[in-house]
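Novice: Before anything else, here's the structure in question.
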Amino acid sequence: MAALEQPSDVLQQFSRGDLDAFEALFREHQGEVYRWILRMVRDPAAAEDLTVETFWRIHRAHARFDPGRSFEAWARRIACNAALDHLRSAPKETELPDDLPQPLQPDPGISQEVRRKTAHAFGRLPPKLRIAATLALIEERPHKEIAEALGISTGAVKLRVFRALRLLRKNLRQQGMEP
Amino acid sequence: MTTHDEEHFKRLLKQSLPPISTQPRADPDRDLWPAMLRRLEQGSVGVPWFDWALLAAVVVWLALFPSAIPVLLYHL
């Protein structure tokens, strides 16, 4: 097989179905795809499985890939769809671990109980809203990047975040908490 | 929902669900390529439900309208 030296060569060969080119892209991007998925599903084991699922979908769709476009953006979009499918098939109210990860700078004004109730209420949001709110508010990714990954407009991202916060407020009130 | 509300919720959420970028472990535990190879060897897992639904609809349609069978065969 020809040496895979130039990134554009790798993309060209991948789009023609070359397995070595696919492996090169997998090894180069698996970490980034994994972290992107982990941001959405927040479960390392599920993120590993979904990374493999994402690259499976990427491999299956190789003929539709345009080597002139960004592989990263295309992979992020496919990863979003895989994560959405996963969250839709998961139980609506995801069980939360007893020991929630600690923030780097804990706010003394927010108790463990409030954190638990907030995480629980957030876990009850519909997956589409949860992903938009996670990426925009928690991970603070640019709206443009989120829009490209979800295949929607930036206006639609803002609308999803707005609806997510409105539902979150409602869920928190149902738990007896006034946000 | 005001900007102030959004900032309040952002702070609450980041305290409850810390960003992944701030977590110490944000890389896969293992090399995922062997799992990828296994997935490639397996091929597609099962047939999507939509395909089964489509097949069922065609069978029902042919049962109700047997005269459509030659038309279907012609188009296959």
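Just so you know, all these numbers are worked out from the coordinates, no wet-lab data involved. Model, not experiment: these values are computed from the prediction. Here the Cβ positions follow ideal geometry from the backbone for every residue, glycine too, while neighbour counts run over all protein chains shown.
Novice: Grab the alpha carbons of the protein assembly as shown, take their convex hull, and tell me the volume per residue in Å³.
Specialist: Details: hull volume 49.2 nm³, N = 255.
Dividing the Cα hull volume of the protein assembly as shown by its residues yields 193 Å³.
Novice: What is the spin-label model distance, in nm, from B:LEU62 to A:ARG27 if the labels are put 7 Å beyond Cα along the C-beta direction?
Specialist: In this crude label model, B:LEU62 to A:ARG27 measures out at 4.9 nm.
Novice: If you average 1/r over all unlike Cα pairs in the range A:99-179 and invert the result, what Kirkwood radius do you get in angstrom?
Specialist: Numbers: mean 1/r = 0.0739 Å⁻¹.
It works out to 13.5 Å.
Novice: Return one number: the angle in degrees, 0 to 90 and rounded to the nearest 10, between the long axis of the Cα atoms of helix A:112-123 and the longest principal axis of the Cα atoms of chain A.
Specialist: In chain A, helix A:112-123 runs at an angle near 50 degrees to the longest axis.
Novice: Work through the residues other than A:GLU140 whose Cβ is under 15 Å from its Cβ and net out their charges, Lys, Arg +1 and Asp, Glu -1. Can you show the working numbers first?
Specialist: Numbers: positive: A:ARG35, A:ARG39, A:ARG141, A:LYS144, A:LYS158, B:LYS10, B:ARG11, B:LYS14; negative: A:GLU139, A:GLU145, B:GLU6, B:GLU7.
Spelling it out: positives minus negatives among the neighbours equals +4.
Novice: Further question: Just how many pairs of Lys in chain A have C-alpha atoms closer than 20 Å, counting pairs that are eight or more places apart or on different chains?
Specialist: Number of lysine pairs found: 9.
Novice: Another one. What is the sum of charges around B:HIS4, taking Lys and Arg as +1, Asp and Glu as -1, for the other residues whose C-beta is under 13 Å from the C-beta of B:HIS4?
Specialist: So the environment of B:HIS4 carries a net charge of -1.
Novice: How charged is the neighbourhood of A:LYS128? Take every other residue with its Cβ under 11 Å from the Cβ of A:LYS128, and add Lys/Arg as +1 and Asp/Glu as -1. Numbers along the way, then the final one.
Specialist: On the way: positive: A:ARG88, A:ARG130, A:ARG160, A:ARG163; negative: none.
Within the 11 Å Cβ shell, the charges total +4.
Novice: Right, here's the next one. Run the dipole for chain A about the Cα centre, Lys and Arg Cβ at +1, Asp and Glu Cβ at -1, nothing else charged, and hand back the magnitude in debye, nearest 20. Walk me through the numbers on the way to the answer.
Specialist: Numbers: 28 positive and 25 negative charges, 263 e Å.
So the magnitude is around 1260 debye.
Novice: Quick one: compute a quarter of the convex hull surface over the Cα atoms of the range A:7-90 and quote it in nm².
Specialist: Working: hull surface 19.7 nm².
Mean projected area of the Cα convex hull: 4.9 nm².
Novice: Translational D (Stokes-Einstein, µm²/s) of chain B at 20 °C and 1.002 mPa s when Rh comes from the Kirkwood sum over C-alpha pairs?
Specialist: Calculated translational D: 113 µm²/s.
Novice: Extension gain A:GLN112-A:ASP20, at 0.36 nm per residue separation less the Cα-Cα distance, in nm?
Specialist: 28.2 nm
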